[in-house]
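The values are calculated or read from the model by the stated rules, or taken from the named source; none is laboratory data. Predicted, not measured: the structure shown is a model, and the values here were computed from it. Here the Cβ positions follow ideal geometry from the backbone for every residue, glycine too, while neighbour counts run over all protein chains shown.
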C-alpha cells in the first residue's frame, strides 16, 4: 500500500514532552505548574452574554471575517490600549484563537523556500506552521544575558536573501520576556532595511507588569505596513476554551487570510464572538484584577527564587518565570523528571520550547498562591538536596 | 504599600506578613508595621471567618429587619443605631435610604430566639416606630463568596500552550 502521508508532516517531530505529561496526569497527588492558561474562569458577565446569545437563537454563521460589531470593538480596543489604528471593515480578521491566525498568516505570506525567522525559546506552533506552509524555519537562540530579548545583532546574523518573515513572540511564552519600545525600535530599523515582514504574536499583551505597558511593533514608525498583529481573548480575559483570536494588518494580507479562513474554517464560533464583544466593551476591570493577582504571584515567586538562590532574570510579561538550573549539571528534562519523581511537582523543561531553552525550566504562575507556595517549598527542598549531594 | 496589602488580603486574610513581603518586594517588618497601623486606624476592622454554619451542623437563624425610627435632635440616627448594634445578636446595622431607616440583621439559634429579641428588645425601644422582620430561608452568597459551590478540581489539562 502507498504511504498515505506526505513528507512534510512526517518531518514534524511530535512533542517529546507528551510522555512526561502522561506521567504527571497519572500521578494523583502531583502538583503541576505546567499549564499555559489562566486559572481564572471567564468573568461571569462575559459568559452570561454567551448564554444570552444562545437564548436569542444567535446560532448561525457570521460573516467570514467575524461580526461587524466585534471587529469594530477590536479596533476601538487596539486604539485605546496600544495606540494602533485599523479599519474594522478591511483590516481585521476574527480567528479561532491566535493559533489559527498564526497558521493563516504564514500560509498566505510565504512561498516554498522562503525563510521564516523564529526566535526561541518560544511557543511551540510557529515552527510546525512554518514547515506546513512550505517555509524554511530559521531559529534565533535568545540569550538569558539579554533577558531573552531579541537584539539587532541576533536578527542581522539570521537574515539571508531568502528571509521574508520574522515571528515576534513578545510578551514571551515561556520566558516572560518583553520587548520595550527601544528594543523594538532597534530591530525595526533592520526589518525595514532588509524588507522583512513581521508576524507579531501579542497574545499576552495585557499581561505586563511593573508599569511596563506593552508596546506593539506595529506602532513603531514604518512598521504598520509590514506587520500582522495577532492577539486574542484567551490569556487576557481567561477565555481559552472559547477559541477567540484575531489578526489585524495591511488590507492586502488580511484579505488573503480571510480567504484562507473562509475555506478552511468558514467563521469563528458565533457564541464566542458575542461573548468577545462583551469582553471588549466591559472587561477592562476584570483584566485589571487578574493582572494584579498575577503580579503578586510573580513577585512572590521571584522572591522565593532569590531566597533559594536560583538565578532567574526578572520577567515583565505573560505568567511564567524561567529560572536557570545549569548549576546542577542536568538537562532540563532530567531536572523535570527527577523533581517530579522526588517531590511530585511538574515543571515544563525549557527545551519543550526549543533547544535554546536548555538549562531552564518554565514555571507557570497561573495557579493559586497556596499551590505556588507548596510547590516552591518542595522546590527549595529539592534544590538544597541537590546542592548538598554535590 | 498599604493599598497593595489591602488588595491582597481582601479575599484572604490568612496570607502571612512574610508572604506579603515577598509579593511586594519589602521586608516582613515593614508589612507588619503597615498592618498594625491600619488596625489601629480601624481601616482593618477585624478578621472574621466566613463559616457555613448549616453545613457544620449548627442551627442558625438569620433575619433581616426593616426598622423605622425617630431620629433624635442633634444625634440623627447614630444614637439609636448604636443602641441597636450593641446587642450581641445583631450582626449588621445599616442606615438606609427609602421606605425605612435601618436594616438590622440578626442571628439567633432559633426562630423563637429571634422573635423574642424583636418583641422584647427592639420593638419596645422608644425611638423605634415599626419593625418588619424577614427570615432568611437560604444563603447563596456572602461577602463575595458563593456558599454552596463545590470545590472544583483543576480541570485544565497539560498541553503545551
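The table below lists the values:
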read-out: Selection within the stretch B:63-79 - surrounded by fewer than 17 Cβ atoms within 10 Å (Cβ to Cβ) and either in contact (Cβ under 8 Å) with a residue 60 or more places away in the chain or part of a loop (DSSP other than H, G, I, E, B) (or both); value: B:64, B:68, B:70, B:71, B:73, B:74, B:75
read-out: Residue list for the stretch A:300-318, filter: within 24 Å of residue A:236 (Cβ to Cβ) and either assigned by TED's automatic domain parsing to the domain that holds residue A:172 or surrounded by fewer than 18 Cβ atoms within 10 Å (Cβ to Cβ) (or both); value: A:314
read-out: Condition broken by residue A:189, with the remaining ones in (1) more than 19 Å from residue A:231 (Cα to Cα); (2) not in a helix (DSSP H, G or I) satisfied; value: (2)
read-out: Subset of the stretch B:10-61 [within 14 Å of another protein chain (Cβ to nearest Cβ), without any contact (Cβ under 8 Å) to a residue 24 or more places away in the chain and closer than 30 Å to residue B:136 by Cα]; value: B:10, B:12, B:14
read-out: Residue match in the stretch A:113-126 (condition: in a helix (DSSP H, G or I), closer than 30 Å to residue A:326 by Cα and out of contact with any helix residue (DSSP H, G or I) (no Cβ under 9 Å at 6 or more places or on another chain)); value: no
read-out: Yes/no for residue A:228 being surrounded by fewer than 24 Cβ atoms within 10 Å (Cβ to Cβ), within 23 Å of residue A:192 (Cα to Cα) and touching a helix residue (DSSP H, G or I) at 6+ places or on another chain (Cβ under 7 Å); value: no
read-out: Contacts under 6 angstrom Cβ, first residue in the stretch A:97-111 being in the same structural domain as residue A:65 (by TED's automatic domain parsing), partner assigned to a loop (DSSP other than H, G, I, E, B) and surrounded by fewer than 24 Cβ atoms within 10 Å (Cβ to Cβ), 6 or more apart; value: A:97/A:243; A:99/A:125; A:106/A:133; A:107/A:133; A:110/A:133
read-out: Filter result for residue B:40 (farther than 24 Å from residue B:117 by Cα and modelled with pLDDT of 95 or more); value: yes
read-out: Breaking point among (1) at pLDDT 95 or above; (2) under 30 Å from residue A:364 (Cβ atoms); (3) within 24 Å of the chain's Cα centre (by Cα), for residue A:34; value: (1)
read-out: Residues within the stretch A:130-150 that are buried (at least 24 other Cβ atoms within 10 Å of the Cβ) and in a helix (DSSP H, G or I), tallied; value: 1
read-out: The one condition in (1) without any contact (Cβ under 8 Å) to a residue 24 or more places away in the chain; (2) surrounded by 17 or more Cβ atoms within 10 Å (Cβ to Cβ) that residue A:334 fails to fulfil; value: (2)
read-out: Test: residue in the stretch A:361-378 that is more than 14 Å from every other protein chain (Cβ to nearest Cβ), surrounded by fewer than 22 Cβ atoms within 10 Å (Cβ to Cβ) and in a loop (DSSP other than H, G, I, E, B); value: no
read-out: Pick from the stretch A:317-327, criterion part of a loop (DSSP other than H, G, I, E, B) and more than 14 Å from every other protein chain (Cβ to nearest Cβ), ranking: nearest to the chain's Cα centre (by Cα); value: A:322
read-out: Test set (1) assigned to a helix (DSSP H, G or I); (2) assigned by TED's automatic domain parsing to the domain that holds residue A:263; (3) surrounded by fewer than 20 Cβ atoms within 10 Å (Cβ to Cβ) - residue A:59 fails condition number; value: (1)
read-out: Residue list for the stretch A:26-45, restricted to those being surrounded by 13 or more Cβ atoms within 10 Å (Cβ to Cβ) and part of a helix (DSSP H, G or I); value: A:45
read-out: Residue satisfying all of: in the stretch A:328-355; touching a strand residue (DSSP E or B) at 6+ places or on another chain (Cβ under 8 Å), within 18 Å of residue A:311 (Cβ to Cβ) and part of a helix (DSSP H, G or I); farthest from the other protein chains (Cβ to nearest Cβ) among these; value: A:335
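Okay, residues lined up against (1) more than 14 Å from chain B (Cβ to nearest Cβ); (2) over 27 Å from residue A:231 (Cβ atoms):
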{"site": "A:3", "(1), (2)": "yes, yes"}
{"site": "A:20", "(1), (2)": "no, yes"}
{"site": "A:25", "(1), (2)": "no, yes"}
{"site": "A:45", "(1), (2)": "yes, no"}
{"site": "A:51", "(1), (2)": "yes, no"}
{"site": "A:54", "(1), (2)": "yes, no"}
{"site": "A:61", "(1), (2)": "yes, no"}
{"site": "A:68", "(1), (2)": "yes, no"}
{"site": "A:71", "(1), (2)": "yes, no"}
